[in-house]
Amino acid sequence: MAESQNQWDFGELFSKEEVRRVLSVSELTKKVKRQIEEGVGQIWVEGEITNLRRQSSGHIYFSIKDDNTQLSCVLFRGVRMSQRDTIEVGQKVVLQGSLTVYEARGQYQLIVKTVELQGIGALQVQFERLKNSLNGEGLFDTARKRKLPSINERIGIVTSLSGAALRDVLHVVQRRQPTLEIVLVDSRVQGAGAEAEIIKGIEWLNSLARSEPLDLILITRGGGSIEDLWAFNEESLARSIFSSVVPVVSAVGHEIDYTISDFVADFRAATPSAAAEIITSGGVMIQEKLGSIAERLNRAAIRRFRYINKEVEANVERMARCHPRRQLQQRMQHVDDLCDELIQGGREFLKQQDVRLRNLSDRLVRVRPSKILKDRNKELEQQKRQFHDIVKGRMGQLKRDVEALNDRLRLLDPKNIVSRGYSITTDAKTGRILRSVKKTHSGQTIITQMSDGDIESTIN
């Protein structure tokens, strides 16, 4: 039985009679092209798109690669497909086509007939199709979107209780509106079945809103890849948000991330923290307004008191000038009325301030400033001890340095030198020390200093 021949054995292209025949490059290329086209036929191949070029003619030239090799591809203008305009560098694709040789370059290439996007590319196409479909149905119409309440007292949040998004939201709420009541619904925010849990959370909060007040629903999670955020691109979740009786705020991912839930929700926030800022803006405004009102009332009360005081002083002065007892009594009665009014107003003001103080005290209890102060006091005590040790060590070093300098000064003191048996001779008139006999002259008075006294003498 004859052995089967390998279709890629190009040596079989030539008969024994033709072995020594010299072929032109064109002839050889045509033989290889025919062998490849007949031997390979239609194939499927996968890889990553690179070297993409869109020609004005409408043809698209590119390569697909794996870790080791590249394959040239061409998608001619006449091939119609929905993915034609969505092909980009870096996409994972599966191509169907026929292998051939481009004779002008002697380069084999794939003539593409079908393109299937894989991974992110496929998800992006799916995202755009669903986005266009839902938009066509009117789910994104701004006219049907509801305004968020100006002041929120109670909200529902659907998210993962272990996620960073919830921590960001709670941090902002605690800082800006700690009195805001939050109903938390734990839900997975990525992976298979996550959208079902989010939908269940939205439906439960809507049922709760029928019996208890609920201002809005926040669905949120942190950033991630398109695969991580895909639960928020599911059609079922979009329709659940659209059907919600309670207004829905979507805060998914980072500022650059957009999901289907963002488009269908009543309001889209760029980040979870931004959503918390928006939700608490009304409460912050009310707090600021109440503070402003209290300040104005205080200033008004002070102005009123000063005015009454001046009026009383003026009345007293006028009564002192005319001494009409009756008028005096009437004026005194009027003063009493004004005082009662002031006292009553002061009581009301103090009552309001007492209520405000109790509210602030409750907030302080919640944030536990005593613990913060205790920790700061511990840190302060530790720093004081460290400072004391540093100062003590520095003072000790300075003391040792001073003692060393004193020792050096004592050693250099002339009196100490004289006490060891030496003497110092100076000129009696100038007090200048004489270091050489050459510096003396006849008739000169000198003084010799010794340890127990001085000797005055005259040179002959």
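The values are calculated or read from the model by the stated rules, or taken from the named source; none is laboratory data. Everything numeric in this text was worked out from a predicted model, so none of it was measured. Don't worry about glycine lacking a Cβ; one is built from the backbone with ideal geometry, like all the others, and counts go over all protein chains shown.
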- line: Exactly one of 133, 150 is in the same structural domain as residue 217 (by TED's automatic domain parsing) and over 30 Å from residue 281 (Cα atoms), and that residue is 133
- prompt: Can you find a residue in region 368-377 that is in contact (Cβ under 8 Å) with a residue 24 or more places away in the chain, part of a helix (DSSP H, G or I), closer than 30 Å to residue 170 by Cβ and touching a helix residue (DSSP H, G or I) at 6+ places or on another chain (Cβ under 9 Å)?
  reply: no
- request: Please tell me if residue 192 is modelled with pLDDT under 95 and surrounded by 14 or more Cβ atoms within 10 Å (Cβ to Cβ).
  value: no
- request: Being buried (at least 17 other Cβ atoms within 10 Å of the Cβ) and under 18 Å from residue 80 (Cβ atoms) is the filter here, so list the residues in region 96-109 that pass it.
  value: 97
- request: Could you list, in sequence order, all residues of region 197-222 that are under 30 Å from the mean Cα position of the chain (by Cα) and more than 19 Å from residue 266 (Cβ to Cβ)?
  value: 197, 222
task: Kindly establish whether residue 404 is in contact (Cβ under 8 Å) with a residue 24 or more places away in the chain and either under 30 Å from residue 175 (Cβ atoms) or not charged (D, E, K, R) (or both).
output: no
message: Just to check your reading of the model, which residue among 93, 79 is in a loop (DSSP other than H, G, I, E, B) and either in contact (Cβ under 8 Å) with a residue 60 or more places away in the chain or surrounded by 13 or more Cβ atoms within 10 Å (Cβ to Cβ) (or both)?
response: 79
query: When residues of region 50-76 are filtered for being at positive phi and surrounded by 16 or more Cβ atoms within 10 Å (Cβ to Cβ), how many remain?
result: 0
task: Pull up region 1-49, narrow it to residues that are among the acidic types (Asp, Glu), more than 60 Å from the chain's Cα centre (by Cα) and at pLDDT 75 or above, then point me to the one that is surrounded by the most Cβ atoms within 10 Å (Cβ to Cβ).
output: 27
- request: Identify all residues within region 208-236 that are in contact with a helix residue (DSSP H, G or I) (Cβ under 9 Å, 6 or more places away or on another chain), in contact (Cβ under 8 Å) with a residue 40 or more places away in the chain and more than 22 Å from residue 274 (Cα to Cα); write none if there are none.
  value: 227, 235, 236
- prompt: Mind checking which residues of region 166-178 are surrounded by 19 or more Cβ atoms within 10 Å (Cβ to Cβ) and either outside the structural domain of residue 239 (by TED's automatic domain parsing) or modelled with pLDDT under 90 (or both)?
  reply: 177
field: Condition met for residue 249 (of a type in the set (A, V, I, L, M), part of a strand (DSSP E or B), free of Cβ contacts under 8 Å to residues at least 40 places away in the same chain and in contact with a helix residue (DSSP H, G or I) (Cβ under 7 Å, 6 or more places away or on another chain))
entry: no
Unmet criterion (only one of (1) in a helix (DSSP H, G or I); (2) surrounded by fewer than 23 Cβ atoms within 10 Å (Cβ to Cβ); (3) not polar (S, T, N, Q)) for residue 232: (2)
message: Residues that are of a type in the set (D, E, K, R) and either buried (at least 18 other Cβ atoms within 10 Å of the Cβ) or not assigned by TED's automatic domain parsing to the domain that holds residue 272 (or both): does region 214-224 have at least one?
response: yes
